[in-house]
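Chemist: Pasting a structure here, questions to come.
The values are calculated or read from the model by the stated rules, or taken from the named source; none is laboratory data. All values derive from a computational prediction rather than experimental measurement. Glycine gets a Cβ as well: all are built from the backbone with ideal geometry, and neighbour counts include every protein chain shown.
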């Protein structure tokens, strides 16, 4: 059973940077979160402990991210009437326990479809929400990446434009006080990725251009290791996914072909150094956890989450309980909805013994 409540009256729209952006916050209660009857699944050192549907208010709920901030869980995603439509909005929800969720904010734009919400925590302790505005005609350019900032998750700054027009900064990751993000070209004449950096999250400068140019490179996931090595999991269309590796100052990259087509990549590094990713896999489309071997340049499917059809685009966090918490979306139960999974990871030694 899903209990619903109605949003409180929205704050009047604020005009900023060429977009008209509305914000909704407050004690908006939407709880229930009915566990899915997936049973217990174990594979390659991973055990699916729990999965539950946490949001399905809009006709289409998709493209998630997840962070833990100020002792609570924050999940962001897009709401719309379909996978692509004119008036997508970015919603942020919050939970103390991962079971009972409330709406904290809703971002909208009059002249754009807002897409692919991403969350990060800045060195100043702010919650940072980013997304791309897919512009409507007669606006001449196609995309502009924007960010908002908040100190409580409910009251947000005006939108700030980052990066260049028609380069979509897919995900911003902070490392040692600097924000990094790959932008990918969204027109037919700029189909490559370029790396941006920022010290405040508001002004991004170009660090390296044309980092990867083969096929159509686009969505990325970044992980910075303790020794400052940066790993990039890259989607291509058409073509197979790539794993990039770089050392400071991250202007030179080496790439390995993973031999597998992927979508919606996200990746974390476990305390023992292993790289674990969640991606969309094709053939029989599903959302799966995969091990990434940077030495061999190999992606190995390890655990399929309950999913299918229109799905994937995960957020991943190693929780205080030692479990990997994963937000993702899927249409396997009919309606495209947001799900939250918890996965237990065995030690590398235990995994090899099995």
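Chemist: Please name all residue pairs, on different chains or six or more residues apart, with Cβ atoms under 7 Å, provided the first residue is in the range 106-121 and is in contact (Cβ under 8 Å) with a residue 12 or more places away in the chain and at positive phi and the second residue is buried (at least 24 other Cβ atoms within 10 Å of the Cβ) and part of a strand (DSSP E or B).
Modeler: Final answer for the pair search is 116/63; 116/78; 116/131; 116/132.
Chemist: When you scan the range 202-209, do you find a residue that is loosely packed, with under 15 Cβ neighbours inside 10 Å and either farther than 22 Å from residue 141 by Cα or touching a helix residue (DSSP H, G or I) at 6+ places or on another chain (Cβ under 7 Å) (or both), even just one?
Modeler: No, the range 202-209 has no match at all.
Chemist: For residue 141, only one of the following conditions fails: (1) buried (at least 16 other Cβ atoms within 10 Å of the Cβ); (2) assigned to a loop (DSSP other than H, G, I, E, B). What is its number?
Modeler: For residue 141, the exception is condition (1).
Chemist: Hey, among 98, 39, 71, which residue is modelled with pLDDT of 95 or more and surrounded by fewer than 15 Cβ atoms within 10 Å (Cβ to Cβ)?
Modeler: 71
Chemist: When only residues in the range 278-298 that are in contact with a strand residue (DSSP E or B) (Cβ under 7 Å, 6 or more places away or on another chain) and assigned to a loop (DSSP other than H, G, I, E, B) count, which is nearest to residue 261 (Cα to Cα)?
Modeler: Top of the filtered list is 297.
Chemist: Suppose we filter 104, 159, 117 for residues that are within 14 Å of the chain's Cα centre (by Cα) and buried (at least 19 other Cβ atoms within 10 Å of the Cβ); which single one remains? Steps first, answer last, please.
Modeler: Numbers: 104 fails: within 14 Å of the chain's Cα centre (by Cα); 159 fails: within 14 Å of the chain's Cα centre (by Cα).
Residue meeting the stated conditions: 117.
Chemist: Any chance you could count how many residues in the range 254-306 are surrounded by 18 or more Cβ atoms within 10 Å (Cβ to Cβ) and on the phi > 0 side of the Ramachandran plot?
Modeler: 1
Chemist: Of the residues 184, 196, 216, 180, which single one is under 20 Å from residue 268 (Cβ atoms) and surrounded by 15 or more Cβ atoms within 10 Å (Cβ to Cβ)?
Modeler: Within the list 184, 196, 216, 180, the selection yields 180.
Chemist: Shifting gears a bit: Which members of the range 87-101 meet the condition of being more than 19 Å from the chain's Cα centre (by Cα) and either more than 17 Å from residue 319 (Cα to Cα) or touching a residue at least 60 places away in the same chain (Cβ under 8 Å) (or both)?
Modeler: Here is the first cut: in the range 87-101, the ones more than 19 Å from the chain's Cα centre (by Cα) are 87, 96-97, 99-100.
Selection gives 87, 99, 100.
Chemist: Does residue 58 fit the bill of being surrounded by fewer than 21 Cβ atoms within 10 Å (Cβ to Cβ), more than 16 Å from the chain's Cα centre (by Cα), over 26 Å from residue 200 (Cβ atoms) and free of Cβ contacts under 8 Å to residues at least 60 places away in the same chain?
Modeler: Here the answer is yes, as residue 58 does meet what is asked.
Chemist: Name the single residue, out of those in the range 322-334 being touching a strand residue (DSSP E or B) at 6+ places or on another chain (Cβ under 8 Å) and farther than 18 Å from residue 273 by Cα, that is surrounded by the fewest Cβ atoms within 10 Å (Cβ to Cβ).
Modeler: Among them, the one singled out is 333.
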